[in-house]
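Colleague: One structure, pasted below without further comment.
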Amino acid sequence: SQQGEEDPQALSIQEGENATMNCSYKTSINNLQWYRQNSGRGLVHLILIRSNEREKHSGRLRVTLDTSKKSSSLLITASRAADTASYFCARDRDNAGNMLTFGGGTRLMVKP
Amino acid sequence: KAGVTQTPRYLIKTRGQQVTLSCSPISGHRSVSWYQQTPGQGLQFLFEYFSETQRNKGNFPGRFSGRQFSNSRSEMNVSTLELGDSALYLCASSLAGQGASGYTFGSGTRLTVV
C-alpha cells in the first residue's frame with residue numbers, strides 16, 4: 001500500500017498555466033523524489049529534494065519540502081501539452097537499501 | 001549511455017503458469033529494484049538487489065522471487081500466476097549509494113494473466 005497521498009488526483013489546465021501538485025507522507029524521509037509517467041510507460045526521474053532542503057528548482061519545475069508538515073509540492077510553470085502525464089512523489093527510506101514508497105499520483109492534463 | 005532495458009515488453013500468461021522477467025541496469029549501476037504497478041494498489045516495491053544479494057523485500061507472497069547476476073542484470077520470477085498478478089512491472093537501477101541521485105526506470109513489462 002502507498003504511504004503517501006497526493007492531491008489532486010487529477011488536474012486539467014490550459015497550456016501556459018501553472019500546475020501545482022501536493023504530496024503528503026507519514027514517516028520520516030531521507031529524501032523525496034518526484035517522477036513523471038507517460039501513459040503506462042516507465043517512470044522518469046524529475047527532481048530529488050533532501051530532507052534538509054526546503055526548495056529546489058530544475059527548469060520549469062519547483063519543488064518545496066516542509067518536513068514539519070510532512071508535505072511536498074511540485075510546481076510546473078508555463079505548462080505545455082507535452083507535460084500531460086501522471087506525476088508521482090516517492091519517499092526514499094533511510095539507510096536500508098534502495099526502496100521507494102510512492103504516492104497515488106496526480107494525473108495532469110494540459111490542454112493546448 | 002544505454003538506459004535500463006526490460007524484456008519482454010508485453011507478456012500474456014495463463015493462470016497457474018510461471019513467468020520470468022528480465023532487467024538490465026545502466027552500466028555501472030549495481031542496485032536493481034523491482035516495482036509492481038496496478039490501478040488498484042498503485043506502485044508497490046517488490047525487492048531490491050545489490051551485488052547479487054537481496055537487500056530489501058516488499059510485502060509480497062513467496063511466489064514472487066528474484067535474483068541478480070554478477071553483471072548486475074536481474075530477473076524476477078512469479079510462480080503459480082493469479083489474475084491479480086496482471087500489472088506493469090518496472091525495474092529501476094541506481095548506483096551503489098542510497099539512490100541519492102534518483103533512480104532510472106525501465107519502460108516496464110506489462111504482464112496480463114488470463
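Read-outs throughout are calculated quantities, based only on the coordinates presented, and are distinct from any laboratory measurement. Computed from a predicted structure; not experimentally measured. Here the Cβ positions follow ideal geometry from the backbone for every residue, glycine too, while neighbour counts run over all protein chains shown.
Colleague: Please compute the average number of Cβ atoms from other chains found within 10 Å of each residue's Cβ in peptide B:32-41.
Modeller: For this peptide, the per-residue mean of nearby foreign Cβ atoms is 2.
Colleague: Can you sort B:ARG73, A:ARG91 so the residue with the fewest Cβ neighbours within 10 Å comes first?
Modeller: B:ARG73, A:ARG91
Colleague: Straight-line reach from A:LYS70: which lysines have Cα under 30 Å away, leaving out those fewer than 8 places along the same chain?
Modeller: Qualifying lysines at Cα under 30 Å: A:LYS26, A:LYS56, B:LYS57.
Colleague: OK, next. Using a 10 Å cut-off around each Cβ, can you sort A:GLU5, B:GLU48 from fewest to most neighbouring Cβ atoms?
Modeller: Result, fewest neighbours first: A:GLU5, B:GLU48.
Colleague: Let me ask another. Could I have the simple spin-label model distance between B:SER22 and A:LEU61, label points 7 Å from Cα toward Cβ, reported in nm to one decimal?
Modeller: Roughly 3.1 nm, to one decimal.
Colleague: What Kirkwood Rh does the protein assembly as shown have if only Cα atoms enter the pairwise 1/r average? Answer in Å.
Modeller: By the Kirkwood definition, the hydrodynamic radius is 17.9 Å.
Colleague: Could you give the alpha-carbon Rg of chain A over 2.2 N^0.38 Å, rounded to two decimals?
Modeller: Taking the Cα Rg and dividing by 2.2 N^0.38 Å, one obtains 1.01.
Colleague: Counting alpha carbon pairs within less than 8 Å and at least 6 residues apart, what relative contact order, in whole percent, applies to segment B:26-90?
Modeller: This gives 31 percent for segment B:26-90.
Colleague: All other residues with a Cβ under 12 Å from the Cβ of B:VAL32 taken together, and with Lys, Arg as +1 and Asp, Glu as -1, what is their net charge?
Modeller: +1
Colleague: In what sequence do A:CYS89, B:CYS23 fall when counting other Cβ within 10 Å, fewest first?
Modeller: B:CYS23, A:CYS89
Colleague: Still on this structure: Work out how much length B:THR112 to B:PHE69 would gain on full extension: take 0.36 nm times their residue separation and subtract the Cα-Cα distance, in nm to one decimal.
Modeller: 12.9 nm
Colleague: Within a 10 angstrom radius of each residue's Cβ in A:30-40, how many Cβ atoms of other chains show up on average? Whole number is fine.
Modeller: Other-chain Cβ atoms within 10 Å of each residue's Cβ, averaged: 3.
Colleague: Give me the Kirkwood hydrodynamic radius of chain B, using the inverse of the mean 1/r over all pairs of distinct Cα atoms, in Å to one decimal.
Modeller: 14.0 Å
Colleague: If you don't mind, there's one more thing I want to ask. When you count, for each residue, the other Cβ atoms within 10 Å and take the mean per peptide, how do A:6-18, B:28-40, B:5-17 rank with the highest first?
Modeller: Highest to lowest by the protection proxy: B:28-40, A:6-18, B:5-17.
Colleague: Would you mind computing, in nm to one decimal, how far apart the modelled labels at B:LEU83 and A:ALA82 are, each placed 7 Å from Cα along Cα→Cβ?
Modeller: About 4.2 nm, to one decimal.
Colleague: Roughly how far apart, in whole Å, are the Cα centres of segment A:1-46 and segment B:38-114?
Modeller: 21 Å
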